[in-house]
1. Looking at the stretch 198-240, which of its residues are hydrophobic (A, V, I, L, M, F, W, C), open to solvent by less than 20 Å² (accessible area, probe 1.4 Å) and either within 8 Å of the ligand (Cβ to nearest atom) or touching a helix residue (DSSP H, G or I) at 6+ places or on another chain (Cβ under 8 Å) (or both)?
2. In this structure, is GLN28 part of a helix (DSSP H, G or I), within 16 Å of the ligand (Cβ to nearest atom) and open to solvent by 10 Å² or more (accessible area, probe 1.4 Å)?
3. Filter the stretch 89-135 for residues that are within 15 Å of the ligand (Cβ to nearest atom), farther than 21 Å from ASP205 by Cα and among the hydrophobic types (A, V, I, L, M, F, W, C) and give the result.
4. Among the listed residues ALA115, ALA50, ALA37, which satisfies the condition of being open to solvent by 20 Å² or more (accessible area, probe 1.4 Å), of a type in the set (A, V, I, L, M, F, W, C) and part of a helix (DSSP H, G or I)?
5. Kindly check whether there is at least one residue in the stretch 148-168 that is of a type outside the set (D, E, K, R), within 16 Å of the ligand (Cβ to nearest atom) and either surrounded by 16 or more Cβ atoms within 10 Å (Cβ to Cβ) or closer than 19 Å to LYS113 by Cβ (or both).
6. With GLY146, GLY201 as the choices, which residue is within 18 Å of the chain's Cα centre (by Cα) and not aliphatic (A, V, I, L, M)?
7. Just checking, how many residues over the stretch 118-135 are over 24 Å from THR224 (Cα atoms) and either surrounded by fewer than 17 Cβ atoms within 10 Å (Cβ to Cβ) or not small (Gly, Ala, Ser) (or both)?
8. Might you check whether a residue that is within 16 Å of the ligand (Cβ to nearest atom), in contact (Cβ under 8 Å) with a residue 40 or more places away in the chain and open to solvent by less than 20 Å² (accessible area, probe 1.4 Å) occurs anywhere in the stretch 136-143?
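The values are calculated or read from the model by the stated rules, or taken from the named source; none is laboratory data. Not measured: the values here are computed from a predicted model. Note that each Cβ is placed from the backbone with ideal geometry, even for glycine, and that neighbours are counted across all protein chains shown. For the accessible areas, the whole protein counts, side chains as well, though only heavy atoms, and no ligand, DNA or RNA atoms are used. Shrake-Rupley method; radii C 1.70, N 1.55, O 1.52, S 1.80 Å.
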Amino acid sequence: MIYHRVLSRPVGPIKMSLLLALQRVTQQVQEAAPGRAVTILAVSKGQSAAAIRTLAQAGQRDFGENYLQEALEKQLALADLTLQWHFIGPLQSNKTKSVALHFNWVHSVDRLKIAERLSQARMEAGLPPLNICLQVNISGEVSKSGLVPQEVGEVAQAVRALQGVRLRGLMAIPEPSADLEAQRKPFAALRHLQDTLNAGGTGLDTLSMGMSQDFAAALQEGSTIVRMGTAIFGARERAI
Ligand SMILES: *Cc1c(COP(=O)(O)O)cnc(C)c1O
């Protein structure tokens, strides 16, 4: 057992490695974006409620999930904690109501209809507006989900008229690349798109970009939320 200064009590080796990883990631993010307010989103898909609880006890508040059913089970097990839940996976129309009721953020809104349904569900439930990001297919891959950059302006304008959602910003998952300069390009393009929208008065404050392999490049380009799975939890057991 090791006495851990954050928890101020003894913790076992698995918990210890999680806490050390969180500390390391926090430090890396601070070094890559000195003085900036960056949210570390711990992407907990495929991870246990117990692992989330360990991180929450060390102060981690934001958790990202890709699959509704998996997320709901963990939320139930962790209902005694005050956490911010972010939905970051592909979102089908028939899941929008449940997602709207059980999450604080949705990063993966890729069409107007989804935003409309999320908005309606929040209003019907009498909940405050849901924070959303529009997912943009910034590297132009045909197979990837996300709005093409050319249609983002029009969709953003329509989304801003909805009462039950608050449009916070843009999200992207670029093609993986091992090279820092190549990684920066799509992130720079997403930031440029956000700057253009904001110049037109859209008022976005969030860039959800960067994962374990490319967060440093994303932070160089102005990311405000980095979505970190592997870097915190280690490799996922299943490829999901
Ligand atoms: C799984 C996932 C992540 C985290 O990926 P890592 O490479 O493990 O950090 C981030 N964003 C989305 C949308 C994901 O699906």
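1. Filtering the stretch 198-240 for residues hydrophobic (A, V, I, L, M, F, W, C) gives 199, 204, 207, 209, 211, 215-219, 225-226, 228, 231-233, 235, 239-240.
Filter again for open to solvent by less than 20 Å² (accessible area, probe 1.4 Å), leaving 204, 207, 209, 217-219, 225-226, 228, 232.
Answer for the stretch 198-240, where residues must be hydrophobic (A, V, I, L, M, F, W, C), open to solvent by less than 20 Å² (accessible area, probe 1.4 Å) and either within 8 Å of the ligand (Cβ to nearest atom) or touching a helix residue (DSSP H, G or I) at 6+ places or on another chain (Cβ under 8 Å) (or both): LEU204, LEU207, MET209, ALA217, ALA218, LEU219, VAL226, MET228, ILE232.
2. It is true that GLN28 is part of a helix (DSSP H, G or I), within 16 Å of the ligand (Cβ to nearest atom) and open to solvent by 10 Å² or more (accessible area, probe 1.4 Å).
3. Answer for the stretch 89-135, where residues must be within 15 Å of the ligand (Cβ to nearest atom), farther than 21 Å from ASP205 by Cα and among the hydrophobic types (A, V, I, L, M, F, W, C): LEU91, VAL99.
4. Working: ALA115 fails: open to solvent by 20 Å² or more (accessible area, probe 1.4 Å); ALA37 fails: part of a helix (DSSP H, G or I).
Result of the check over ALA115, ALA50, ALA37: ALA50.
5. Narrowing the stretch 148-168 to residues of a type outside the set (D, E, K, R): 148-150, 152-153, 155-159, 161-165, 167.
After this cut, where a residue has to be within 16 Å of the ligand (Cβ to nearest atom) as well, the list is none.
No, the stretch 148-168 contains no residue that is of a type outside the set (D, E, K, R), within 16 Å of the ligand (Cβ to nearest atom) and either surrounded by 16 or more Cβ atoms within 10 Å (Cβ to Cβ) or closer than 19 Å to LYS113 by Cβ (or both).
6. Numbers: GLY201 fails: within 18 Å of the chain's Cα centre (by Cα).
It is GLY146.
7. Taking the stretch 118-135 and keeping what is over 24 Å from THR224 (Cα atoms), we get 120-127.
Filter again for either surrounded by fewer than 17 Cβ atoms within 10 Å (Cβ to Cβ) or not small (Gly, Ala, Ser) (or both), leaving 120, 122-127.
Here the count works out to 7.
8. yes
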